[in-house]
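Novice: Here you go, one structure.
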Amino acid sequence: MPEAYALVSTDDPNYAEPLSPAKVFRKGKPDGYSQPLPFLYTVSLKLPAPLKEGATYTIRFAGVNTSKETVAYVHKPHEARSLAVHAIQTGYRPDDPYKRAYLSFWSGVDKDGNSGSCTPDVDAFELVDAAGKTVFTGKAELAKKAGKEEQISIHEKLDYTKAAVRRLDFSSFNTPGEYRVFVPGIGLSGPFRIAADVWEKPFKAAMQGILAQRQGIDLGPPACAAGSGATARTAGHGSQSVVKTLG
């Protein structure tokens, strides 16, 4: 219920008086393996007005089962990792034909079960280096409208994201280094590299995983050495082993 939450701030005139969110959404996912299965829930508040950068807000909980009655929040999108800004964490090569991130966020469902697409309607984005300096600016382009279905396989056509998706293309930028994608007013992506060797580590990890699953050979150093993430062991069965299926 929106009435269970309120925001107030002495730094932002829009929230000088406590305001409740316009809508409240919730989504959950399994968070462990015990029984009964534990769930981690995310509650999203659709606010009546944008937040002011640098301002401090107090979020009040009325009748909500939380450990605290209030929580302080400082809106610093230049420093905050946003779940709505998606970039490939493996990274990009300088000569990759496409270097793209995406802006998209599904809030979950409201109390009536209606899905909430909260992808912000933004026009621009920035690429910032490890020091926080803007090194590239680009235009955010609408890649998918909220509610639009996609044909990913021949078997089904669904709205997989349940939210609008905006494409953040920086393909023309090819300077090696560590970067984040920044969307003004929203926040940052996770860090990633632009470098010629970004696929080397994932490739080695994949190949080691395939090797470590072998049962018919001895596994040992260097690929399965201590600290490699794979267990050294002798062959589980010889090349002459035969598995018979009895009918």
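The values are calculated or read from the model by the stated rules, or taken from the named source; none is laboratory data. This structure is a prediction, so every number in the text was calculated from the model and none was measured. Using ideal geometry, Cβ is built from the backbone for each residue, glycine included, and neighbour counts are taken over all protein chains shown.
Novice: Can you find even one residue in region 147-164 that is modelled with pLDDT of 90 or more and either part of a strand (DSSP E or B) or of a type in the set (Asp, Glu) (or both)?
Specialist: Within region 147-164 (the criterion being modelled with pLDDT of 90 or more and either part of a strand (DSSP E or B) or of a type in the set (Asp, Glu) (or both)), the answer is no, since none of the residues qualifies.
Novice: Related question: Would you point out which residue out of 193, 214 is among the basic types (Lys, Arg), not assigned by TED's automatic domain parsing to the domain that holds residue 27 and not in a strand (DSSP E or B)?
Specialist: After applying the criteria, what remains is 214.
Novice: If we keep just the residues of region 1-32 that are among the aliphatic types (A, V, I, L, M) and assigned to a strand (DSSP E or B), which is surrounded by the fewest Cβ atoms within 10 Å (Cβ to Cβ)?
Specialist: Per the criteria, the residue is 8.
Novice: Now for a separate question. I need every pair where a residue in region 176-198 that is closer than 19 Å to residue 75 by Cβ and in contact (Cβ under 8 Å) with a residue 24 or more places away in the chain has its Cβ under 8 Å from the Cβ of a residue that is buried (at least 17 other Cβ atoms within 10 Å of the Cβ) and among the polar types (S, T, N, Q), sequence separation at least 6 or different chains.
Specialist: 180/189; 181/189; 182/189; 183/82; 186/82; 187/82; 188/82; 189/82
Novice: Separate question: Given the conditions (1) in contact (Cβ under 8 Å) with a residue 60 or more places away in the chain; (2) within 25 Å of residue 198 (Cα to Cα), report the number of the one that residue 125 does not fulfil.
Specialist: So residue 125 meets the others, but not (1).
Novice: Among the numbered conditions (1) part of a loop (DSSP other than H, G, I, E, B); (2) hydroxyl-bearing (Ser, Thr, Tyr); (3) within 21 Å of the chain's Cα centre (by Cα), tell me where residue 175 comes up short.
Specialist: Every listed condition holds for residue 175 apart from (3).
Novice: Which count do you get for residues in region 121-140 that are assigned to a strand (DSSP E or B) and loosely packed, with under 14 Cβ neighbours inside 10 Å?
Specialist: Within region 121-140, residues that are assigned to a strand (DSSP E or B) and loosely packed, with under 14 Cβ neighbours inside 10 Å number 4.
Novice: Going by what's in this entry, would residue 68 be described as among the basic types (Lys, Arg), assigned to a loop (DSSP other than H, G, I, E, B) and modelled with pLDDT under 95?
Specialist: Criteria met by residue 68.
Novice: Cβ-Cβ distance below 7 Å, separation of 6 or more or different chains: which pairs start in region 12-30 with a residue that is free of Cβ contacts under 8 Å to residues at least 40 places away in the same chain and end on one that is surrounded by 14 or more Cβ atoms within 10 Å (Cβ to Cβ) and of a type in the set (Ser, Thr, Tyr)?
Specialist: What qualifies is 20/5; 21/5.
Novice: Does region 125-139 contain at least one residue that is outside the structural domain of residue 203 (by TED's automatic domain parsing), out of contact with any Asp or Glu (no Cβ under 9 Å at 6 or more places or on another chain) and more than 22 Å from residue 77 (Cα to Cα)?
Specialist: No: region 125-139 contains no residue that is outside the structural domain of residue 203 (by TED's automatic domain parsing), out of contact with any Asp or Glu (no Cβ under 9 Å at 6 or more places or on another chain) and more than 22 Å from residue 77 (Cα to Cα).
Novice: Right, here's the next one. What residue, among those in region 40-60 that are in contact with an Asp or Glu (Cβ under 6 Å, 6 or more places away or on another chain) and not charged (D, E, K, R), is surrounded by the most Cβ atoms within 10 Å (Cβ to Cβ)?
Specialist: Of everything passing the filter in region 40-60, 55 is surrounded by the most Cβ atoms within 10 Å (Cβ to Cβ).
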